[in-house]
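The values are calculated or read from the model by the stated rules, or taken from the named source; none is laboratory data. Note that the structure is predicted; figures quoted are calculated from it, not measured. Glycine gets a Cβ as well: all are built from the backbone with ideal geometry, and neighbour counts include every protein chain shown.
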Amino acid sequence: MGQCRFTFDRASGEEAPESLDGWSCPHESHPDAERCVFHLSPAEREELGVGDEAVLDAFLDRALGSGEEPKQFVGAQFGEMDLRRQIVAADDRHPIDLRSVTPTSSARRRASSRAGSRVWRRTSARC
């Protein structure tokens with residue numbers, strides 16, 4: 001297992017700041033793939049037996065940890081993530097970076113910050 005091989009490419013048609021061009025994912029790749037669970041397509045995850053719940057668990061594990069890089073999910077494809085009533089209170093104040101993560105449903109995301117933690121009120125989206 002090595003580092004995820006996903007690299008963000010603005011030329012792919014994504015509207016994103018120049019600062020993201022060439023961004024490389026900091027997460028470890030899946031043992032049987034070249035990308036992490038966040039950058040595998042839904043079909044690739046299904047083929048590898050990685051369910052949405054496993055992706056959610058991996059997301060929360062990194063979001064609750066320390067450091068800036070573990071909280072970067074640029075260009076990720078999350079699938080179904082139900083974050084209702086989840087409190088994400090990390091060890092530090094680094095933001096969760098979800099730039100260029102595009103939901104594939106019309107689900108709305110509403111969050112409110114309180115004392116350094118983020119409370120997700122209603123999130124059930126295919127990203």
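So Ser41 passes all but one of these: (1) under 16 Å from Gly79 (Cβ atoms); (2) buried (at least 19 other Cβ atoms within 10 Å of the Cβ). Which condition number does it fail?
(2)
Can you name every residue in region 29-67 that is touching a strand residue (DSSP E or B) at 6+ places or on another chain (Cβ under 8 Å) and assigned to a loop (DSSP other than H, G, I, E, B)?
Ser29, Cys36, Leu64, listed by residue number.
When you scan region 76-127 for strands (runs of 3 or more DSSP E) that lie fully inside it, which ones turn up with 1 or more residues that are more than 24 Å from Glu18 (Cα to Cα), modelled with pLDDT of 60 or more and of a type in the set (Val, Ile, Thr)?
Output list reads 86-88.
Say we look at region 13-53 and pick out the residues that are among the small types (Gly, Ala, Ser) and at pLDDT 95 or above; which of these is farthest from Asp97 (Cα to Cα)?
Gly49
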